Amino acid sequence: MASLVVQKYGGTSVGSIDHIKRVAERIAETRRSGKDVVAVVSAMAGQTDQLLKMAWEISDAPTQRELDLLLSSGERISSALLTIALNAIGCQAVSLTGRQIGLQTDNKHTRARIKQIDGERCKRYLEKNHVVVVAGFQGVNEHGDVTTLGRGGSDTSAVALAVALNAEQCEILTDVDGVFTADPRVVPDARKLEIISYDEMLEMSGLGAKVLQLRCVEFAKKYQMPLIVRSSYNNHPGTLISEEDPNMEQPVVSGIMYDKNQAKITVKGVPDQPGIAAKLFNALAEASVSVDMIIQNISEEGHTDISFTVTTEHLADAMTEVNKVNEEINAETISADASISKISIVGAGMRSHSGVAALMFQTLSRENINILMISTSEIKVSCIIDEKHTEQATSTLHEAFDMKTDPVQIPQ
Ligand code: ADP
Ligand code: ASP
Ligand code: MG
């Protein structure tokens with residue numbers, strides 16, 4: 001069999017009939033170069049949002065099972081249209097849904113995780129020289145009900161399929177030239193990265209760079225699948241995401257990410273006793289609310305304050321749980337603030353450099369941006385700030401870390 005490439009085309013890339021025709025030409029060209037192609041597609045740009053909006057217009061709490069059926073239809077439309085376009089230009093193709101490629105998931109509607117893919121049907125069509133066009137973002141659970149993989153989930157469909165079919169690589173074709181040092185829409189002089197490690201990309205996706213869904217990077221790392229992010233509008237080489245090369249000097253800071261989808265809950269005046277934090281965070285864990293940063297103040301007169309962050313989508317559930325637990329922990333006040341954002345710097349070279357966090361704090365302070373919380377890992381530093389400063393913070397940090405040069409120099 002010829003070598004196989006899995007290509008994922010995002011929503012903007014298939015956003016109109018003209019775009020779909022262009023993508024068909026691109027796939028046909030790859031076929032002519034002698035490669036087998038499996039194309040995974042997202043819904044046409046804006047369609048998933050539109051479908052969601054309609055459901056919300058009907059109900060404040062649409063049933064999750066039906067939401068999945070609704071949302072999966074966007075990818076069915078684009079996959080069928082792209083296949084029609086391919087066949088129309090003489091490139092034999094067939095479209096398949098999540099169910100038809102045997103993509104099995106768990107039962108968590110709207111954020112399901114992939115359990116397995118039976119690639120047999122895809123393989124049969126590839127052997128018959130077809131391009132296989134797969135509707136991304138969807139699978140079926142053990143009951144045969146349609147599930148979806150969370151926003152941006154077509155990225156994960158593509159990598160999982162590349163692994164199942166033993167593809168040589170997985171290409172994510174999108175509306176920017178690759179992974180940049182910061183969101184190029186916010187920092188126009190952001191630099192495209194030629195290569196980046198799975199670990200750095202994991203941090204970047206987890207910290208808000210929506211160019212790749214986090215689960216897709218986890219999959220690629222686990223199965224060592226080379227991932228390439230590149231533009232569907234040109235033939236530039238894009239960014240390669242692969243294992244870290246120990247012989248290469250790592251840039252101290254590879255990227256700056258922001259995430260506005262954050263909220264802070266503050267529980268004031270709780271007794272400073274063993275077991276209070278355990279009660280609070282146990283209740284949140286049991287309600288499947290993931291807590292990110294936590295700060296506990298120094299105790300005063302036997303009382304203390306605890307602040308923590310959750311994503312905005314978990315805020316309502318988190319507040320319900322905290323109010324319930326408060327019957328036992330007797331806090332003086334409980335408040336929530338959704339107008340915050342998390343700004344982060346990521347880089348494998350941080351492991352061997354000092355002064356990185358300090359430069360971040362100095363830069364923010366010079367701009368009069370107050371830091372509300374801080375968290376660090378081996379290869380990242382994150383700060384919670386007021387949401388209104390997000391873009392300013394991203395741009396000034398990009399400048400302070402001199403992200404246009406490579407590698408980044410940190411004053412010691
Ligand atoms: P698609 O529809 O192709 O899946 P997405 O909108 O999900 O595309 O992701 C691409 C977008 O991610 C870009 O248009 C860009 O604005 C945004 N983005 C955020 N951070 C980064 C980054 N560090 N590098 C590249 N793109 C980024
Ligand atoms: N259409 C889905 C979304 O908008 C999945 C995807 O594009 O990857 O999130
Ligand atoms: Mg995406």
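FYI, it's all coordinate maths here, none of it is from the lab. If you're wondering where the values come from, they're calculated on a predicted model, not measured in any experiment. Every residue, glycine as well, gets a Cβ built from its backbone with ideal geometry; the counts of neighbours run over all protein chains shown.
Side notes on the structure shown:
- Where only DSSP H runs of four or more residues are counted, the chain gives -11000 deg cm²/dmol as its mean residue ellipticity at 222 nm, each run worth -39500 (n - 2.57).
- Cβ-based charge dipole, the chain, positive-most Cα from 2, 188, 256: 2
- For the chain, the longest principal axis of the Cα atoms and the long axis of helix 154-164 meet at an angle of about 60 degrees.
- Rounded FRET efficiency, nearest 0.05, which uses the C-beta distance separating residue 113 from residue 88 and R0 of 35 Å: 0.45
- About the centre of its Cα atoms, region 261-386 shows a dipole size close to 560 debye [charges on the beta carbon of Lys, Arg (+1) and Asp, Glu (-1) only; nearest 20 debye].
- Karplus-derived 3J(HN,Hα), 6.51/-1.76/1.60, for each residue of region 369-383, Hz, glycine and proline x: 9, 7, 9, 8, 8, 9, 9, 9, 9, 4, 10, 8, 10, 10, 10
- 19 Å Cα-Cα reach of residue 268 towards lysines, excluding residues that sit fewer than 8 places from it in its own chain: 279, 324
- Rounded tilt (10° steps) of 64-88 against the dominant C-alpha axis of the chain: 40
- Alpha-carbon centroids, region 98-123 and region 173-221: separation in whole Å: 25
- For the chain: rounded, prolate or oblate by the Cα gyration tensor [a/c cutoff 1.5]: oblate
- Nearest-20 debye value, region 1-146 charge dipole, Cβ charges on Lys, Arg, Asp, Glu: 520
- Each peptide in 222-228, 238-244 gets a packing score, the mean of other Cβ atoms within 10 Å over its residues, and the list from highest to lowest is 238-244, 222-228.
- Between the Cα long axis of helix 47-58 and the first principal axis of the chain there is an angle of about 60°, rounded to the nearest 10.
- In order along region 338-344, phi translates into HN-Hα couplings of 9, 9, 10, 9, 10, 10, 9 Hz, rounded to whole numbers, per the Karplus curve 6.51 cos²θ - 1.76 cosθ + 1.60 with θ = phi - 60° and x for Gly and Pro.
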